[in-house]
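Structure first, commentary second.
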Amino acid sequence: MRRGMVNRVLLALVGLVLLAVGGAVLAVGLGAPSPSWWIHTGPHDVLLSRSERTHWRGAGWWWPAVIAVLALVFLHALWWLATALRRRRLTEVVVDTGDGASALLRGRALEPALAEDAVRQEGVAHAEILLHGSRTAPRAQVWLHLEPYVDPAKVLHEFATQTLAHARESAGLAALPAHVHLRAVRHRAERVT
């Protein structure tokens, strides 16, 4: 599972737990019967009793520390949500046209072209490409699904020296670094006779 998917699943689970707890507190506060193990007994019960609230009154650091920790937790949750929801794909790449001007190449056009070139290689059954980075310095995230009995080192070398080099030259890029994941395609075991 990719990191973005894991972040979204964890964020959804945390949200569901918080929603369930908040809904349960609201339901008990509105008069619904509370279970025996519940921390609040009824709608007039408070989260912190008077003695719990005034226990640390003499320590001037207590409430500012509590508020600071809660603010940090809230800001961290917002940051996590923003990183989970932001777009990870590169939408366009700046291509130097050679005459002092530049053109824009859509990332969604370069990704399938790279994947198609990769699938033409011997031993590659399927390829997925995602472009990341900036418009002037793109990076490729590559998943190559290899046929059985193919040499992964040979496929990786061929991908780096031919497919990536062709894409880099076509787009006029100085470099196109790539992070390549190799996976074998599932196949049935062959029977030996």
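The values are calculated or read from the model by the stated rules, or taken from the named source; none is laboratory data. Note that the coordinates shown come from a computational prediction; the quantities given were computed from them, not determined experimentally. Cβ sites come from the backbone with ideal geometry, for glycine too, and all protein chains shown count toward neighbours. For the accessible areas, the whole protein counts, side chains as well, though only heavy atoms, and no ligand, DNA or RNA atoms are used. Shrake-Rupley method; radii C 1.70, N 1.55, O 1.52, S 1.80 Å.
Details
- Across the options 33, 182, 17, the greatest Cα extent toward the positive end of the charge dipole of the chain (unit charges at beta carbon of Lys, Arg, Asp, Glu) belongs to 33.
- Helical content alone sets the calculated 222 nm signal of the chain at -14000 deg cm²/dmol, taking -39,500 (n - 2.57) per DSSP H segment of four or more residues and averaging over every residue.
- Applying both filters, DSSP loop and at most 11 other Cβ atoms within 10 Å, to the trypsin sites (Lys or Arg not before Pro) of region 81-110 gives 86, 87, 89.
- Counting only protein heavy atoms and using a 1.4 Å probe, the accessible area of residue 157 comes to about 120 Å².
- The simple spin-label model puts a point 7 Å past each Cα toward its Cβ; for residue 125 and residue 27 those points are separated by 4.7 nm.
- Gained length - residue 156 relative to residue 49, 0.36 nm times residue gap less alpha-carbon distance: 32.0 nm
- Highest mean packing first, where packing is the average number of other Cβ atoms within 10 Å per residue, the peptides 124-136, 5-17 line up as 124-136, 5-17.
- Amide H within-cut-off set for residue 124, under 5 Å, with H built and near neighbours excluded: 147
- Among 65-73, 139-147, the order from most to least packed when residues are scored by Cβ within 10 Å on average: 139-147, 65-73
- Of the residues 99, 151, the one with the largest accessible area comes first in the ranking 99, 151, computed with a 1.4 Å probe on protein heavy atoms.
- Accessible heavy-atom area order of 56, 38, highest first, probe of 1.4 Å: 56, 38
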